[in-house]
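Here it is, the structure, as structure tokens.
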Amino acid sequence: MTMSTQVLHHWFIAGVLLTTAVAALILGARVVRAWDASAFHKADGAALRQSLSPLQYKVTQEEATEPPFHNDYWDNHQAGIYVDVVSGEPLFSSLDKFDSGTGWPSFTKPLDPANIHTKSDWKLFLPRNEVRSTHADSHLGHVFDDGPQPTGLRYCMNSAALRFIPVEKLKEAGYGEYLPLFENKQAAEPPQK
């Protein structure tokens, strides 16, 4: 290889590497997500005790209930989404939140039904439907059939099981895919009870 051929070869390789790096950044920005079920692995109890507050641990891992009217989100009226405090899996939207008068954040439906499941709970001698996150298996609260239309359901959640992400931080936090829900805010007013 002559000197000019070597220089051209190095410039070609540098160009390919630069193009690949730019493409990776551009494409990576489109696929980077805060929540990825395939990448989530729940921490053990000791690690969870260190990462969660005592109340968050008791609610999510020991099925406790926080006090009504003395929690972070019962009267939160900001636009955004609520995610599992343990895993970050998207659970509920402020567009489906309503004032149930109970002192806990209440929603008519989940943001992504695949991220929650229910099971029978007989702790109060009457059957209730406990709501848990699918991937972290966090206790979230209960669902009742006394909610407003269009679903008639009231997902009564513990604030301690949730983390709120305001709409203006969705993209930054990796939840940008939910921004279109809030673009036509007038068309999707929160349900009224």
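In region 54-123, which trypsin sites (Lys or Arg not before Pro) fall in coil by DSSP and have 15 or fewer other Cβ atoms within 10 Å?
Lys123
Once label points are set 7 Å from the Cα along Cα→Cβ at both Ser51 and Thr65, what is their separation, rounded to one decimal in nm?
For the pair Ser51/Thr65, the computed spacing is 2.8 nm.
Any chance you could run the full-extension gain for Phe98 through Ala37? It's 0.36 nm times the residue separation minus the Cα-Cα distance, nm to one decimal.
Value of the extension gain: 19.2 nm.
Take the cross-link list Lys58/Lys119; Lys58/Lys169; Lys97/Lys169; Lys97/Lys119 and give me the ones stretching past 24 Å between alpha-carbons. The partial results should precede the final answer.
On the way: Lys58/Lys119 19 Å; Lys58/Lys169 28 Å; Lys97/Lys169 19 Å; Lys97/Lys119 22 Å.
Pairs exceeding 24 Å: Lys58/Lys169.
Read-outs throughout are calculated quantities, based only on the coordinates presented, and are distinct from any laboratory measurement. Given the structure is predicted, the values throughout are model-derived calculations rather than measurements. Don't worry about glycine lacking a Cβ; one is built from the backbone with ideal geometry, like all the others, and counts go over all protein chains shown.
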